[in-house]
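Asks: Pasting a structure here, questions to come.
The values are calculated or read from the model by the stated rules, or taken from the named source; none is laboratory data. Here the structure is a predicted model, which is why all the values come from computation and not from measurement. All Cβ positions, glycine included, derive from the backbone under ideal geometry; neighbour counts span all protein chains shown.
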Amino acid sequence: MSERLYEMIYRSLAGQIGGGDLPPGLVLLEGAIAEAFQVSRAPVKTALRLLFRDGLVQRFEGRGYMIPGRAEPLRMALKPAGLRAAIDGIEEAPPPPRAGWERIYLNAEREIGAAIAFGRFRVLEARMASHYGVSRTVVRDVLSRMHERRLIAKDARSHWIAGPLTAGTLREYYEIRRILEPAALILAAPRLDADALVVMRGRVQAVSAQRTPAVADTMLAIDEDLHIKCVQRNGNFRLTEMIQDSQTVLIANHTFLRYLGVPEELPELEEHRVIFDLLLQGNPEAAAAALRAHLDRSLDRALSRLKVLSVIPTPDLPAFLAPTEP
């Protein structure tokens, strides 16, 4: 007898909850799950009842169910939370249109993250809206989210201020990363796919062997493989948030390489390769220790690059960034 639809949904959700792919406290609503899986609510309702029966979800004072492991319910969209809505015989629903702020956020973050290595800037809302062809409401949404992540601040006159990135700031960011990222990597290790790790290691090896040009964008992708795709797959939503807040320096490092050029010697490649090898060997503790050592060396490199960057002319930056005195 073929598997029923509710059983397929149950199996998909149970696997993702049990595997730690969905964060503790996440609220599961019939309507949102039905929309994600492109099915009616009836099979979803039955699947949720089975999950509750098996202790994989729990009731709380509110609508729906929540994943155990957190005192307060976590209400967020299911796709950003990590839900994979693909089951046998049903294709995953296409992602919904992104909100206005989401369309420009990553680009704006990179532009501002690159600028702060050159000093302190005021972010001008009207010019930013014109630059991206969006409303000031969208711009305010973007800047508010950057403010929440402490990428920018507000001065006494409520102006948006970005930067400067100083040696002291770099040290603070790396100190946080040195504490959090190795611990997160140990948690993430059981969730990492060996085939994906092989691909990541291959990307490092291709640059080491000069089969792939060592340009700034390639080096950023290599950084993101380890520090985002691996470290942030730790299953702890709050820990991931804290790590994300400290990773502004990934953008800064991209800026260094973009404007100073990629050096001939890239010891970070070998450091990444060692970490991937240890993960593939099933030794997450040793991989975490290697990551900690890598971050120590990365700080030294970042401080040296920041010093060089401080004496070169400021490049052309977007018109919505106006230099300002501290």
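Asks: Working carefully through the options L279, L226, find the one that is part of a helix (DSSP H, G or I) and out of contact with any Leu (no Cβ under 6 Å at 6 or more places or on another chain).
Replies: That would be L226, the only listed residue that is part of a helix (DSSP H, G or I) and out of contact with any Leu (no Cβ under 6 Å at 6 or more places or on another chain).
Asks: Run G20 past the list (1) crowded, with 17+ Cβ neighbours inside 10 Å; (2) assigned to a helix (DSSP H, G or I); (3) not acidic (D, E) and report the number of the one that doesn't hold.
Replies: For G20, the failing item is (2).
Asks: Write out, first by first residue and then by second, each pair whose Cβ atoms fall under 8 Å of each other, whose residues are 6+ apart or on separate chains, and whose first residue, in the stretch 16-34, is within 16 Å of A47 (Cα to Cα) while the second is in a loop (DSSP other than H, G, I, E, B) and among the basic types (K, R).
Replies: So the pair list comes out as Q16/R84; V27/R63; V27/R75; L29/R63.
Asks: Is it the case that L56 is surrounded by 14 or more Cβ atoms within 10 Å (Cβ to Cβ), outside the structural domain of G235 (by TED's automatic domain parsing) and in contact with a strand residue (DSSP E or B) (Cβ under 6 Å, 6 or more places away or on another chain)?
Replies: No.
Asks: Of all the residues that make up the stretch 32-47, how many are under 24 Å from P80 (Cβ atoms), more than 29 Å from the chain's Cα centre (by Cα) and part of a helix (DSSP H, G or I)?
Replies: Summing the residues that are under 24 Å from P80 (Cβ atoms), more than 29 Å from the chain's Cα centre (by Cα) and part of a helix (DSSP H, G or I) in the stretch 32-47 gives 5.
Asks: May I ask you to list the residues in the stretch 230-276 that are closer than 30 Å to L26 by Cα, among the hydrophobic types (A, V, I, L, M, F, W, C), part of a helix (DSSP H, G or I) and in contact (Cβ under 8 Å) with a residue 40 or more places away in the chain?
Replies: Within the stretch 230-276, C230, F237, L239, M242, I243, V249, I251 qualify.
Asks: On to the next question. For the stretch 295-316: of the residues being at pLDDT 90 or above, farther than 19 Å from A214 by Cα and surrounded by 15 or more Cβ atoms within 10 Å (Cβ to Cβ), which is farthest from the chain's Cα centre (by Cα)?
Replies: Among those that are at pLDDT 90 or above, farther than 19 Å from A214 by Cα and surrounded by 15 or more Cβ atoms within 10 Å (Cβ to Cβ), it is L299.
Asks: Starting from residues that are surrounded by 13 or more Cβ atoms within 10 Å (Cβ to Cβ) and hydrophobic (A, V, I, L, M, F, W, C), keep the ones in the stretch 201-220 and report whichever is nearest to A288 (Cα to Cα).
Replies: V204
Asks: Considering only the stretch 116-127, I want to know if a residue exists there that is modelled with pLDDT of 90 or more, aliphatic (A, V, I, L, M) and out of contact with any strand residue (DSSP E or B) (no Cβ under 8 Å at 6 or more places or on another chain).
Replies: Scanning the stretch 116-127, I find at least one residue that is modelled with pLDDT of 90 or more, aliphatic (A, V, I, L, M) and out of contact with any strand residue (DSSP E or B) (no Cβ under 8 Å at 6 or more places or on another chain), so the answer is yes.
Asks: Against the condition of a type outside the set (D, E), out of contact with any Leu (no Cβ under 8 Å at 6 or more places or on another chain) and under 17 Å from A167 (Cα atoms), how does R305 come out, does it pass?
Replies: no
Asks: List every residue pair whose Cβ atoms sit under 6 Å apart, with the two residues 6 or more apart in sequence or on different chains, where the first one lies in the stretch 97-111 and is outside the structural domain of R150 (by TED's automatic domain parsing) and the second, anywhere, is modelled with pLDDT under 80 and of a type in the set (D, E).
Replies: Note: no pairs meet the criteria.
Asks: Is it the case that E181 is in a helix (DSSP H, G or I), in contact (Cβ under 8 Å) with a residue 60 or more places away in the chain and either among the charged types (D, E, K, R) or within 18 Å of A114 (Cα to Cα) (or both)?
Replies: yes
Asks: From (1) more than 16 Å from A252 (Cβ to Cβ); (2) surrounded by 17 or more Cβ atoms within 10 Å (Cβ to Cβ), pick out the condition that doesn't hold for D223.
Replies: D223 satisfies all of (1) more than 16 Å from A252 (Cβ to Cβ); (2) surrounded by 17 or more Cβ atoms within 10 Å (Cβ to Cβ) except (1).
Asks: Being touching a residue at least 60 places away in the same chain (Cβ under 8 Å), in contact with a Ser or Thr (Cβ under 6 Å, 6 or more places away or on another chain) and in a strand (DSSP E or B) is the requirement here; does R122 meet it?
Replies: yes
Asks: Give just the number: which of (1) within 16 Å of T166 (Cβ to Cβ); (2) part of a helix (DSSP H, G or I) does E325 not satisfy?
Replies: Here E325 clears every test but (2).
Asks: Considering the stretch 66-78 alone, what residues qualify as being of a type in the set (K, R) and over 19 Å from K45 (Cα atoms)?
Replies: R70 - this is the single residue of the stretch 66-78 that is of a type in the set (K, R) and over 19 Å from K45 (Cα atoms).
Asks: Of all residues in the stretch 188-200, count the ones that are surrounded by fewer than 19 Cβ atoms within 10 Å (Cβ to Cβ) and either in a helix (DSSP H, G or I) or outside the structural domain of P284 (by TED's automatic domain parsing) (or both).
Replies: Qualifying residue count for the region: 7.
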